[in-house]
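First up is the structure itself, then whatever we jot down about it.
Every read-out reported here was derived from the displayed coordinates using simple, explicitly stated rules and does not represent laboratory data. Values in this document were obtained by computation on a predicted structure and should not be read as measured data. Here the Cβ positions follow ideal geometry from the backbone for every residue, glycine too, while neighbour counts run over all protein chains shown.
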Amino acid sequence: MTSSGTGTAAERAVGALATVVVSQRVRPDRVEDFHQWQDGMNRTVASFPGFLGTEVVPPAEASGDWTVLYRFRSKPLLERWLSSTERAEMLGRGEGLFERPASQHVLIGKRTELVTVVVAHPVGPDRVDEFLPWQRRVVDAEETFPGFGGSELLPPVPGVQEDWTTVFSFDTICGSTDNGRFSAEHEAEL
């Protein structure tokens with residue numbers, strides 16, 4: 001997502017909202033332990049200055065990734081949390097809960113009412129040439145809806161995040177009544 005306005009990029013980032021999106025695959029036999037650990041992580045992060053909220057999104061499939069969003073008032077306040085000893089200690093307590101290392105993406109934006117959606121796309125290597133134009137058409141359609149704030153496509157990271165990941169934002173959850181039309185018409189293409 002890009003920001004606009006006056007001042008340097010660093011000056012704009014100080015006043016911009018910051019979100020870190022963490023995706024992690026929980027070991028199937030440790031889901032209850034994960035819930036307890038995540039509750040502890042939520043209590044810990046809530047004590048940090050500038051913390052706005054946490055959203056925990058379970059996987060769509062039993063074998064999928066859990067996604068956790070941590071929102072802060074600014075990038076420096078988020079960075080303080082990310083580099084804190086409290087967070088490092090909580091991550092240490094979580095060792096053994098996950099099948100592989102988490103993927104982490106930091107998003108910087110200036111809107112206060114931003115709704116962010118993270119979607120993982122399992123795309124076989126032989127289908128990437130079809131997926132990318134389809135994804136471009138999805139973004140083109142998203143851009144026509146009121147409040148569209150941007151979209152970012154993140155490629156797989158071998159050994160860390162095997163899926164293509166799309167992060168898109170809107171500054172409203174209202175708008176057109178046919179916002180499911182494009183998806184419904186094209187979801188079977190891939």
Ranked by how many other beta carbons lie within 10 Å on average, peptides 96-106, 119-129 from highest:
96-106, 119-129
Separation between the HIS35 and LEU91 pseudo-spin-labels, each 7 Å from Cα along Cα→Cβ, expressed in nm?
2.6 nm
